[in-house]
Amino acid sequence: MSEKKKLTDSPVWITMISISFGLIFGAIILLIIGYNPLTAFTVILKGIFSKPKYISWTVIYATPIILTGLSVAFAFKTGLFNIGAEGQYIVGAITAALAGYFISLPPILHIPLVLILSIGAGAFWGSISGYLKAKYEVNEVISTIMLNWVALYLNNFIVLHDKVKREGSEATNKVLDSAQLIFANTWKTSEAGISWRKVHPFFGDILRTPANGGFLIAVGAAIVVLIILNKTTLGYSLKAVGINREAAEFGGINVPSNIVSAMAISGGLAGLAGAVQVLGFTREASALAASEGYGFEGITVALIGANNPIGCVLAGLLYGAMKYGGSKIQPAIGAPYEIISIIMGMIVLFISMPKLIKTLKLKKKEDK
Amino acid sequence: MKKLSILFTAMLALMVVSCNKPKEAAAPAEEPKQVEKTVSVTMVTDVGGVNDQSFNQSAWEGLQKAKADFGIDVSYKESKQNADYAPNMEIALDSDNDLIWGIGFMMADAIMEAAQNNPDQKYAIIDNAYENTPENVVGVVFEAEQCSYLVGYIAGRMTQTGKVGFIGGIEFFLIQEFEYGFKAGVKQAGADIEVLSQYAESFSDAAKGKSIANSMYQQGADIIFHAAGGVGNGLIEAAKEQGKWAIGVDRDQSSLAPENVLTSAMKRVDNGIYNLSKDLADGKFPGGKTVSYGLAENGVGIAPTSSKHVPADILAEVEKLEEMIIDGAFVVPNTAETVEAYTPVEL
């Protein structure tokens, strides 16, 4: 019995309950507005799993938000609320688009170089907020939100510059083949590739999508974050600052420099998200009329993943699946796509009230 | 937990009860192709979404009208991010449609790629002309300079201060056509009328639209035209507060401020969609071409509510200009050079 009790107290349990509540809430809304929730969920599930290419799309959708989720989660672990993953993502993406087009190198060097530059750009963007907080006590929530706008307009300024813009478009030139992460990108449209794809329907179907190495990079990043947080001195001091700033300072930890490093690492992860999206999928950065929301979705992913790196990977996959599969209910049954945002929002709402779920559990004990 | 489980059971029961039409659950992707089924047309919106008060909404209205008039199946798929275009094309393809629309030039690459990968599927795109249009694609463009010219003429004739304004969204050829058409129209009304022109670098930032509009009104402009999507809502708000004139775009925007919207330069995306969908249903799909809709095809025009504020004599002149454009008496300028070279025509 004691083991079971432990299980029901764990954050995993609360997350599972919250996800179920979110789905039930979504079902109720669907009922109210006159759609059959079972039909809707069938469409969503089929839309995610019924073909290999759907699974591939789900993973592609999940990849950037896993990384922005890691970014936000890392900042949370160190006591910071990084709302700026959006802006850090944008600078990472534009850096990748520029470095992927203007530098030419063999792939083995080009890809790592672009990734490092993007991580650097994101880290720089994040560390501005970190520095302002460490030096002048500027709340990072405010400074990161403001920097999101700076990043957005900086991106548009660069993209629309004559030397950068692709003729007749609102985007940069496509990154060179040596910088992209898409599996077999040139081979799969060649004659050999097309005939191979006919013989191997499973992989052939996957290759219809821009399946890419981004997901592996995201998982790798999650493992690196896990190691930094749990196995290194840096991680220990970062977490110590997060848990209790004064105590950490008293214990001899340099708090200001830790805040800057924490924001830099967090920003670097979001910058990596931008790079992976550009190199693995869009191959360009475009002028943005408004934020695309990858950073904000990262906040949801971090919350659902309970700020745990592995949790972020799973939560990112869940969100990616809901985003991709959920978008299919509109053409199929006419239900609005916004229902997915409602479901994700409700999940986060339930997760942020663990007490409610615990209270429900206590009631059960009393009932007995 | 008891309460919880009661809740759960209740929900499940509700869902099962409501599930009285299980046949609808079939995924459209796997449905076998029926012989002689009704024509189905779907559209993929750009990131503006289907309720953008502008061309996506207009496009959907066009499809709905087509559905009502000749019974085709219609559906739409919204894009939330630029990265959604390619997968949305794929989803539209899987749901077995006769024609897939991409609404807006932002989808040009996605449509081109999808069309090359799926030569048997028909595609059409709004606001984009490809250099080499594949056989299964139709580009639909609108001669926006023509309606902009007409509202420019109205603005030029009605200004009291000798100054009018233009607010653009993001500066590129599609929006510049509005600007140059407008400038040419103003020039037609009077060579010494000044046009203040500014781009907001956004299609959604209404606050910025308002501040640009306020500064233009302060500089002495009394009529401002916009081609800036949501930014224009800020202009119309400023016009309302200051009691000045605004000119709407894309749809008849008079309803947003009936006393302050002088007229609107309408780009009839709905007509474009409607006409081409009709061609498709009649088996006359003009694949491999770019179709251009201007005044003659009722693809652009000024709002029907214009007569409310614009005096009848000016409207009569506008009508005359309209006829001359349709007859080809002169070509409305759509670049900086041609506006410079434009000499007003004899009315």
Where trypsin sites (Lys or Arg not before Pro) fall in DSSP loop in segment A:150-232, at most 14 other Cβ within 10 Å:
A:LYS163
Most fluctuating residue given options B:ASP222, B:ASP205, B:ASP120, as computed from a GNM of chain B linking Cα atoms under 10 Å:
B:ASP120
Between B:LYS308 and A:ALA184, what is the spin-label point distance in nm, taking each point 7 Å from the Cα along the Cα→C-beta axis?
6.1 nm
Over the Cα atoms, compute the radius of gyration (one decimal) and Dmax (the largest Cα-Cα distance, rounded to a whole number) for chain A, in Å.
21.8, 73
Most fluctuating residue of B:ALA312, B:ALA239, B:ALA129 in a GNM of chain B with Cα springs under 10 Å: which is it?
B:ALA312
Please compare each pair in A:LYS135/B:LYS208; A:LYS328/B:LYS67; A:LYS328/B:LYS65 to a cut-off of 25 Å on the Cα-Cα distance and tell me which ones are over it.
A:LYS135/B:LYS208
Surrounding net charge for B:LEU262, when Lys and Arg each add one and Asp and Glu each subtract one, Cβ distance under 14 Å:
+1
Say we join alpha carbon atoms closer than 10 Å with springs in a Gaussian network model of chain A; which of A:VAL278, A:VAL114, A:VAL138 then has the biggest fluctuation?
A:VAL138
Lys, Arg +1 and Asp, Glu -1 on Cβ, resulting dipole of the protein assembly as shown about Cα centre, debye, nearest 20:
4140 debye
What accessible area per residue comes out for chain B, rounded to a whole number of Å², with a 1.4 Å probe?
43 Å²
Within chain B, what's the longest run with no trypsin sites (Lys or Arg not before Pro) in a DSSP loop and at most 10 other beta-carbon atoms within 10 Å? Give the range, please.
B:34-283
Go from 0 up to the bin containing the longest alpha carbon distance in the protein assembly as shown, width 10 Å each, and give me the % of pairs per bin.
3, 13, 21, 23, 20, 13, 5, 1, 0, 0
With +1 assigned to the C-beta of every Lys and Arg and -1 to the C-beta of every Asp and Glu, and no other charges, what is the dipole magnitude of segment B:189-347 about the Cα centre in debye, to the nearest 20?
600 debye
Could you tell me which of the pairs A:LYS188/B:LYS80; B:LYS244/B:LYS308; B:LYS267/B:LYS308 are separated by over 23 angstrom between their Cα atoms in the structure shown?
A:LYS188/B:LYS80
Longest chain A segment clear of GluC sites (Glu not before Pro) sitting in DSSP loops (not H, G, I, E or B) with at most 14 other Cβ atoms within 10 Å runs A:168-368
Among GluC sites (Glu not before Pro) in segment B:98-200, those in a DSSP loop whose Cβ has at most 16 other Cβ atoms within 10 Å are B:GLU131, B:GLU135, B:GLU171
The size of the Cβ-based charge dipole (Lys, Arg +1; Asp, Glu -1) of chain B about the Cα centre, to the nearest 20 debye, is 1320 debye
Could you grab the relative contact order for segment A:277-367? Cα pairs under 8 Å, six or more apart, rounded to a whole percent.
19 percent
For segment A:231-338, convex hull of alpha carbons as volume per residue, Å³
155 Å³
Cα Rg over Rh - segment B:185-328, Kirkwood
1.03
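The values are calculated or read from the model by the stated rules, or taken from the named source; none is laboratory data. What you are looking at is a predicted structure, and each value in this text was computed from that prediction instead of being measured. Glycine gets a Cβ as well: all are built from the backbone with ideal geometry, and neighbour counts include every protein chain shown. What goes into the accessible areas is simple: the full protein's heavy atoms, side chains included, and nothing from ligands, DNA or RNA. Shrake-Rupley method; radii C 1.70, N 1.55, O 1.52, S 1.80 Å.
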